[in-house]
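See structure below.
Read-outs throughout are calculated quantities, based only on the coordinates presented, and are distinct from any laboratory measurement. Given the structure is predicted, the values throughout are model-derived calculations rather than measurements. A quick note on method: Cβ atoms are made from the backbone with ideal geometry, for glycine too, and the neighbour counts reach across all protein chains shown.
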Amino acid sequence: MMKISMDRLSPGETGKVVRINATGDLRQRLLAMGILPGVEIELVRIAPLGDPLDFKLRDFHLSMRKNEARNIIVERFNHHGRRGRRKRRHWQW
Amino acid sequence: MGGEAGEKEGIGNGRKTCRVAIVGNPNCGKTTLFNELTGARQKVGNWPGVTIEKKTGFLSVNNRIKAEIIDLPGIYSLSAYSLDERIARDYLLKEKPDAIINIVDASNLERNLFLTTQLLELQIPMIISLNLVDAAGKKNLKIDVDILSSHLRIPVVPTVALKGQGIDKITEMTGKVLQGEWHKKMARVRFGTDGEKHISEVEKLLHKAAERMNLPLRWLAVKLFEGDREYELLLESKELLNRINEYRKKTEKMVGEDTETIIADYRYGFISGLVKEAVTVTADIRITLSEKIDAVITSRILGIPFFALVIFLMFKISIDFSQPGIEYIDSLFTLLLNWINVRLFTIGAPGWISYIVVNGVIGGTGTVITFVVPIALVFLCLSFLEDIGYLSRGAFVMDRLMHWMGLPGKAFIPLILGFGCNVPGILATRVMENEKDRLITILINPFISCGARLPVYIMIAGAVFARNVGTVVFSLYAAGILTAIAVGLIFRRTILKGPSTPFVMELPPYRLPTLKGILLHTWGNVWSFVKRAGTLIVAIILLLVVLGYLPVGVTPNSKDSVLGKVGLAISPVFKPQGFANWKASVALFTGLFAKEAVVGTMGALYGVESRNPDSSGGRGRIKNGTLKAKIARDFTPLSAYSFLLFILLYSPCVATMGAISKEAGLKWAVFSVLFNTAVAYIISMGVFQIGTLIKALL
């Protein structure tokens, strides 16, 4: 299993949070949003200009800049794993 | 105690007045519920000392209780990090409302209940309005309200605020809770064996402090256990803090996580358990309609064109469509002016009274009223976009570009609106959450060249630059944008320093807005503009009119008036800029009325027939040929350009001052007048001097 920072997921890919490196304000916000170790997060899409990113977790959408997402370390699911197959390429324009 | 109770009961036929706060996440239908509960009887203001909107209204609970409803800012948690959270938290803990109506979005239950688990610790009687149950139904979620209620041990009422469903029940339950007819003790989240053991130790330490700080013990203990900055500072004894921190470190060592994460984890654990029991998923929907829409309109290819289209339409509607309205109001006011003039004449009022009343009071009021149309249209558009959920998508699409300027994506719309008129642009900053970002966006807005400045450019550039008028005008627009960006970046690094807040923004599902919600929102904003910005605008116009009229007997705004004399006196100041002529100086003064008034003043002062010599109305028609020649005589291309730059950048007009004062306070309005004038002074001087130098070298 590969551990990467959350901004490096590719669109349609899901990861499982293992660690949050942020501190202070950002950490508190992320925790309040339910970004906790063990939670699955999908990168849905990247904004037209390359930043921010649109994530989906706990059945809602959260957008975050790469700069913020960099602080969240996720475990990448194997591409043939549970969600890996369900890539949403067909919804990407 | 007796006095307080007496006060509370004093209002309205012996009915008791209670205070009920509405608390909930952003985008959970909080405002809609507030509107449904209070109807049109609401007051929009600001929270003390900040520019965040405060809405209050009244609800007749039953024949014994009347409740003041306070709409707290939408928040995700009760930490002390963001201003919204601090406002909500301070209100709940210091003002101690009699009850809380906690709105929970049924279609997004887990995250919404996080705040609920914190509210449980405040020991304020609470009701849950389980809102948007229809949206949850569409997501194939079945929620058992009784299980939620029995586990949380608080009343839970399913509602669809948009359709007014469940509102009566909320009112009824609020009455019950306020009358003490709900006896269950609220549930409490437990933080694991290690956590609980240490938190109860912390509680023991805090008995006295909690009493002194007038805070619920459990709440204070948990917050300090988490390392809440604000409460740490409020704690008197350093030793106490050290002992609490010992418990904290012990727990962190045992669990292997920091306490903040542990607490959040147990809260979400509690929620998961609750949701598992109360919610049944009847069918799995992979992609919602909202997601399908987003896949198109926030996509790589269509995201920006779609946003541009939205902005274009908004611009069209608010600026172009408002023209007929403005002209209609203008003509009504002209009629009114004539009528009052005649009336004053027939009752034999002295000329100076008529002049000041007509031009100052009525003219000033007219200026305020003409802004009502574009402001109302802008807010109609903004409320619509916000309620439907597009505003956050716009921010998502534009964030990258704005980030480069040190601002969040939501700053884009206020700035682009500034090209039409800075007043609605500044008012539109309401959609921004962060105080500093908002202030910067407000303060740089006047540099964006508004529509009123265009006639000035055309007149002066038209007179002086024969062929290149288009290029000159374009360069002025560009100069305005560049100055706005530069000043924004400077402010971010100096007077409004501070890390830009982390960008973590929810993209709520699209929802159909209600006409009622949009109209109420628009009305609230228009009314508060008229009331709060209006007074300042009329006052300044009155002052300028009087200065232009005095001393009695001179032609108003001529060289002999006080205003003219001041113009004459200060004109040497503009020598380094190359336009040290008194007519230009006076025009700068009248330009404060409205930037387009420069046209009327220049016309009047250069002695050419103009329809509106008093210049407060502005849109004077000028006989072209002679005026152009006369202006061209007084300006070289370089000094004309420097004059135009000055007009672009100097003090915002009175209406904009009013808007800044309303949104950021009088202090910032004054700052803006002084700062922008200084910027204009320096930049035009630089351009003129460097230009002169280059000319000399050639």
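Please give the average number of partner chain Cβ atoms lying within 10 Å of the Cβ of each residue in A:32-39, rounded to a whole number. Present the calculation step by step, with values, prior to reporting the outcome.
Details: counts 16, 7, 10, 3, 8, 3, 2, 1.
Partner-chain Cβ atoms within 10 Å, mean over residues of A:32-39: 6.
Looking at the square roots a ≥ b ≥ c of the eigenvalues of the Cα gyration tensor of the stretch A:3-84, which shape do they give, rounded for a/c under 1.5, prolate if a/b is larger than b/c, or oblate? Verdict is oblate for the stretch A:3-84. The Stokes-Einstein estimate for the stretch B:111-176, based on a Kirkwood radius over Cα pairs and taken at 4 °C with 1.567 mPa s viscosity, is a diffusion coefficient of 103 µm²/s.
Assuming R0 = 22 Å, can you tell me the calculated FRET efficiency for the pair B:LYS667 and B:THR535, based on Cβ-Cβ distance, to the nearest 0.05? Once the sixth-power term is evaluated, E becomes 0.85. Under 18 Å of direct C-alpha separation, and excluding same-chain neighbours fewer than eight residues apart, A:LYS66 reaches these lysines: A:LYS3, A:LYS16, A:LYS56, B:LYS410. For chain B, would you read off the P(r) tail past 31 Å as a percentage of all alpha carbon pairs? Considering chain B, 62 percent of its Cα-Cα pairs are separated by more than 31 Å.
Pop the C-beta distance of A:ASN67 and B:SER558 into the FRET formula with R0 = 35 Å and round what comes out to the nearest 0.05.
With a Förster radius of 35 Å, E is 0.05.
Estimated purely from DSSP H runs of n ≥ 4, each contributing -39500 (n - 2.57), the mean residue ellipticity at 222 nm for chain B is -18500 deg cm²/dmol once divided by its residues. Where a Cα-Cα gap under 24 Å defines reach, which lysines qualify for B:LYS565, not counting those fewer than 8 residues away within the same chain? List returned: B:LYS575, B:LYS583, B:LYS595, B:LYS630. Sorted from greatest to least, the principal axis extents spanned by the alpha carbons of the protein assembly as shown come out as 88, 69, 54 Å. Each Lys or Arg adds one and each Asp or Glu subtracts one; over the other residues with Cβ under 14 Å from the Cβ of B:SER639, this totals +3.
Rg and Dmax over the alpha-carbon atoms of the stretch B:361-439 stand at 13.9, 46 Å. Loop-located trypsin sites (Lys or Arg not before Pro) across the stretch B:285-321 with a Cβ neighbour count of 13 or fewer within 10 Å are B:ARG286, with loop assigned by DSSP.
The angle between the Cα long axis of helix B:363-388 and the main principal axis of chain B comes to about 40°, on a 0 to 90 degree scale.
With viscosity 1.567 mPa s and temperature 4 °C, the Kirkwood radius over alpha carbon pairs of the stretch B:536-697 converts through Stokes-Einstein to a diffusion coefficient of 80 µm²/s. Between 0 and 90 degrees, rounded to the nearest ten: what's the tilt of helix B:637-649 against the longest Cα principal axis of chain B? Helix B:637-649 sits roughly 30 degrees off the main axis of chain B.
The angle between the Cα long axis of helix B:534-549 and the main principal axis of chain B comes to about 20°, on a 0 to 90 degree scale.
When the P(r) of the stretch B:2-178 is calculated, the portion above 29 Å amounts to 17% of the C-alpha pairs. A straight Cα-to-Cα reach below 29 Å connects B:LYS238 with the lysines B:LYS94, B:LYS96, B:LYS197, B:LYS204, B:LYS208, B:LYS223, B:LYS249, B:LYS250, B:LYS253, residues fewer than 8 places away in its own chain not being considered.
Going by the alpha-carbon gyration tensor, a ≥ b ≥ c the square roots of its eigenvalues, is the stretch B:178-277 rounded (a/c under 1.5) or, if a/c is not under 1.5, prolate (a/b greater than b/c) versus oblate? Oblate shape, in that a/c is at least 1.5 and b/c is the bigger or equal ratio.
When B:THR601, B:THR370, B:THR17 are ordered from fewest to most other Cβ atoms inside 10 Å of their Cβ, what list results? Numbers along the way, then the final one.
Details: B:THR601 30, B:THR370 21, B:THR17 17.
Neighbour counts put them in this order, fewest first: B:THR17, B:THR370, B:THR601.
Net charge in the neighbourhood of B:ASN214 (other residues with Cβ under 10 Å of its Cβ; Lys, Arg +1, Asp, Glu -1) is +2.
Taking only the Cα atoms of the stretch B:215-372, the ratio Rg/Rh comes out at 1.36, with Rh defined as the Kirkwood radius. Once the chain from A:ASP59 to A:GLU40 is taken as fully extended at 0.36 nm per residue, the excess over their C-alpha distance is 5.8 nm. Residues within the reach of a label modelled at B:ILE52 (point 7 angstrom out along Cα to beta-carbon, backbone nitrogen below 12 Å), restricted to the stretch B:432-452, are B:433-436.
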